[in-house]
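To start, the structure itself, in structure tokens.
The values are calculated or read from the model by the stated rules, or taken from the named source; none is laboratory data. Computed from a predicted structure; not experimentally measured. Every residue, glycine as well, gets a Cβ built from its backbone with ideal geometry; the counts of neighbours run over all protein chains shown. Ligands, DNA and RNA are stripped out before the accessible areas are found, and what is left, the full protein with its side chains, is counted by its heavy atoms. Shrake-Rupley method; radii C 1.70, N 1.55, O 1.52, S 1.80 Å.
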Amino acid sequence: MLARIKKFLGMEAKPAEEKEVPMEEKKVASNEEVEKVAEEKPKPRIGYIHLSGCTGDVMSLSENYDILAPLLTEMVDIVYGQTLVDRWDIPEMDIALVEGSVCLQDEHSLHELKEVREKAGLVVAYGSCAATGCFTRYSRGGQQAQPSHESFVPIADVVKVDLSIPGCPPSPEIIAKTVVAVINGDMDYLQPMMDLVGYTEADGFDLQEKVVNQALCIACGTCAMACPTRAVGMTGGKPEINIDRCVRCGICYVQCPRSWWPMERIKKDTGL
């Protein structure tokens, strides 16, 4: 089953030529694979925690059965989730998917997040609100929350985060591939998500300041294509941010191929 899911998700090379296998033989082989994987390693226990967000991320998790059903029903055990499991206490889990930013004035949310950190092997900032704060962070007139306001911050500002899955919301494919990579210990695939943990502030303005203003933009248009609200347009071959549309999810900056260039390397190569 693991091999079948990996092949379906494109995480391993397809053979040059596949021989047609009768349906009955496929069922037998599939059952054998399930039993083999079950014997090799226990199913990872996954929990879903919802803080301050729009629930778009959990919709990607629960409403894309064609892609995620085999993964969620046969390869993992969902042990916690306000909308997924009838359980009040937070159990021990291997992976915790945390959706939404955390409100610093909400003692319940702070306690829940810290308890999740204690009981989860891996804490994942699941989606842009958890990773950067997204629109909740700047929800008061487009500015950082003032002391008199309720303050929403990325979860990495409160607890240690292991992985950050980008997206507003994340796609079903990246959710599935991330979980499969964790099961397989595929660190090469997970490394970019580990690196993203440090990017707790990323939006269209970062794209402007750190890429365009540094003469690093190659006018590929990836940022405009990735933007979920169409806040990024291309003018004269360079991205232009529509501040009225921008929700500060940071996807344009994350997807930009030049945002990953380390500044130390740039300075060394350019002699700055």
Worksheet entry | Simple spin-label estimate for Arg87 and Gln191 in nanometres, 7 Å along Cα-Cβ | 3.4
Worksheet item: Of Lys43/Lys119; Lys210/Lys238; Lys160/Lys210; Lys114/Lys160; Lys210/Lys268, which pairs sit farther than 19 Å apart, going by alpha carbon to alpha carbon?
Response: Lys160/Lys210
Worksheet, complete the sentence: With every protein chain in place, the accessible area of Tyr189 for a 1.4 Å probe, in Å² rounded to the nearest 10, comes to 70
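What is the gain in length, in nm to one decimal, between His111 and Val158 on full extension, counting 0.36 nm per residue of separation less the C-alpha to C-alpha distance? Please report the intermediate quantities before stating the final value.
Working: separation 47, 0.36 × 47 = 16.92 nm, distance 1.05 nm.
Going from the current span to full extension adds 15.9 nm.
For the range 69-140, what class follows from the C-alpha gyration tensor (a ≥ b ≥ c being the square roots of its eigenvalues): rounded when a/c is under 1.5, otherwise prolate if a/b is larger than b/c, else oblate? Don't skip to the answer; put the middle values down first.
Numbers: a/c = 2.15, a/b = 1.54, b/c = 1.39.
The shape class here is prolate.
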Worksheet entry | Accessible-area order (highest first, 1.4 angstrom probe) of the listed residues Arg245, Arg258 | Arg245, Arg258
Discussion item. Given Cβ point charges of +1 (Lys, Arg) and -1 (Asp, Glu) and nothing else, what value in debye, to the nearest 20, does the dipole of the range 97-223 about its Cα centre take?
Written reply: 80
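Leaving out ligands, DNA and RNA, and with a 1.4 Å probe, what % of the accessible surface on the range 190-256 is carbon or sulfur? Show your work: numbers first, answer last.
Details: 1640 of 3420 Å².
Of the solvent-accessible surface of the range 190-256, carbon and sulfur hold 48 percent.
By the gyration tensor of its Cα atoms, with a ≥ b ≥ c the square roots of the eigenvalues, what is the shape of the range 87-214: rounded for a/c under 1.5, prolate for a/b over b/c, or oblate? Kindly include the intermediate steps, with their values, before the conclusion.
Working: a/c = 2.29, a/b = 1.14, b/c = 2.01.
It comes out oblate by the Cα gyration axes.
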Worksheet entry | Cα centroid separation - the range 197-213 against the range 122-136, whole Å | 16
